[in-house]
1. So if we plug the beta-carbon distance of Ile71 and Lys38 into 1/(1 + (r/R0)^6) with R0 = 30 Å, what FRET efficiency do we get, rounded to 0.05?
2. In nm, give the distance between the simple-model label positions of Lys80 and Thr96, each being 7 Å from the Cα along the Cα-to-Cβ direction.
3. Any chance you could run the full-extension gain for Lys17 through Phe107? It's 0.36 nm times the residue separation minus the Cα-Cα distance, nm to one decimal.
4. Grab the eigenvalues of the alpha-carbon gyration tensor for the chain, scale each by 5, take roots, and send me the semi-axes largest first in whole angstrom.
5. If you fit an axis through the alpha-carbon atoms of helix 99-108 and take the longest principal axis of the Cα set of the chain, what angle between them do you get, 0 to 90°, nearest 10?
6. Can you give the accessible area per residue of the chain, in Å², using a 1.4 Å probe?
7. Does anyone have the angle between helix 74-84 and the longest principal axis of the chain? Alpha-carbon axes, 0 to 90°, nearest 10?
8. As a test of the formula, what do you get for the chain when each DSSP H run with n ≥ 4 contributes -39,500 (n - 2.57) and the sum is divided by the residue count, at 222 nm and rounded to the nearest 500 deg cm²/dmol?
Amino acid sequence: MSDKRQLCLGGVATARKPRLVVAGAIGFAGRAKDQLQKRGWEVVNVPTSDAVRAALTRKPTAMLLPDVTGIESGYLIAAKVLEARRKLRVVLVGATRTPEAERFAKFIGAGFVAETDGVSKLLAALEC
């Protein structure tokens, strides 16, 4: 039974856990997974090729994407995801921070975190 239906029938709805979809292999996402789960997040890993589908079907709160993938640019995947779900928080993860990477991520409506920034910056980008 859906939460909305439970409210209509007089039931008590429970809050949904925030869900993070990690698309592809992102090095330090594994280190952040434990900390996110301690904070009540559900973390789901999917192949990069399934990122857009996961954004639509898994109803995530946030999504992590690598900026470089074997299939297509992470920026292009992020743009597709954000076109379909405007309010989704998308964070691109790159090897290093460059002004161009940050500017392009901001242009498409995503955040950017470099692996050299560490887990604390990743957590801040996901929770703000």
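1. Calculated value: 0.40.
2. 2.9
3. 29.5 nm
4. 27, 16, 13
5. Tilt of helix 99-108: around 30 degrees.
6. Per-residue accessible area for the chain comes out at 58 Å².
7. 30
8. Computed ellipticity for the chain at 222 nm equals -11500 deg cm²/dmol.
The values are calculated or read from the model by the stated rules, or taken from the named source; none is laboratory data. Because the structure is a prediction, the values reported are computed rather than measured. Methodologically, a virtual Cβ is constructed for each residue, glycine included, from the backbone with ideal geometry; neighbour enumeration extends over all protein chains shown. Accessible surface is based on the protein model in full, side chains and every heavy atom, while ligands, DNA and RNA are left aside. Shrake-Rupley method; radii C 1.70, N 1.55, O 1.52, S 1.80 Å.
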